[in-house]
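**Q** Starting off with a structure, shown below.
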């Protein structure tokens, strides 16, 4: 069995613990829903995703990045969107692929999709309920008799 950090980037979770974690998680969900809406391939046109992020930053003009790495802060919505994409690529959330015709595609890795699904379920306070399955198993076991079970064995 492979170690977790042999599969994912060792800085994968740093995005969720950075000073900008609220902005990053909002952008992760925006990217996830933008990519998910395109052919269910979890791959989407970079410019389409950048535009979705620009719309987010236009609605949140006070969002500022506290970046240890960069001296020059991202000022415009486009700079902020590009910065988020670069941070997510660097930390292993997103991949980028050249499609030709000067188009670039962004895609989420399988493990990113699984983590985002879990984070979204937590955010939406979604709880899996197994009551129906448990009751069915209980009913089957309580009505089970040895005589009927011999044919199964």
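**Q** Scan the range 123-153 for residues that are exposed (fewer than 10 other Cβ atoms within 10 Å of the Cβ) and modelled with pLDDT of 85 or more and report the count.
**A** 1
**Q** Please count how many residues of the range 34-50 are modelled with pLDDT of 70 or more, surrounded by 13 or more Cβ atoms within 10 Å (Cβ to Cβ) and out of contact with any helix residue (DSSP H, G or I) (no Cβ under 8 Å at 6 or more places or on another chain).
**A** 1
**Q** Please state which of the following conditions residue 78 fails to meet, knowing it meets all the rest: (1) touching a residue at least 24 places away in the same chain (Cβ under 8 Å); (2) within 20 Å of residue 13 (Cα to Cα).
**A** Only one criterion in (1) touching a residue at least 24 places away in the same chain (Cβ under 8 Å); (2) within 20 Å of residue 13 (Cα to Cα) is unmet by residue 78, namely (2).
**Q** Evaluate the following for residue 11: is it surrounded by fewer than 18 Cβ atoms within 10 Å (Cβ to Cβ), closer than 23 Å to residue 123 by Cα, in contact with a strand residue (DSSP E or B) (Cβ under 7 Å, 6 or more places away or on another chain) and at pLDDT 90 or above?
**A** Here the answer is no, as residue 11 does not meet what is asked.
**Q** Now, a different point. Within the range 7-26, which residues are out of contact with any helix residue (DSSP H, G or I) (no Cβ under 6 Å at 6 or more places or on another chain) and closer than 12 Å to residue 92 by Cα?
**A** Within the range 7-26, 7, 9, 10, 11, 12, 13, 14 qualify.
**Q** Being touching a helix residue (DSSP H, G or I) at 6+ places or on another chain (Cβ under 6 Å) and at pLDDT below 80 is the filter here; which residues of the range 51-76 pass it?
**A** Listed by number, the residues that qualify are 63, 74.
The values are calculated or read from the model by the stated rules, or taken from the named source; none is laboratory data. Since the model is a prediction, treat every value here as computed from it, not as a measurement. Here the Cβ is made from the backbone with ideal geometry for all residues, glycine too, and neighbour counts use every protein chain on show.
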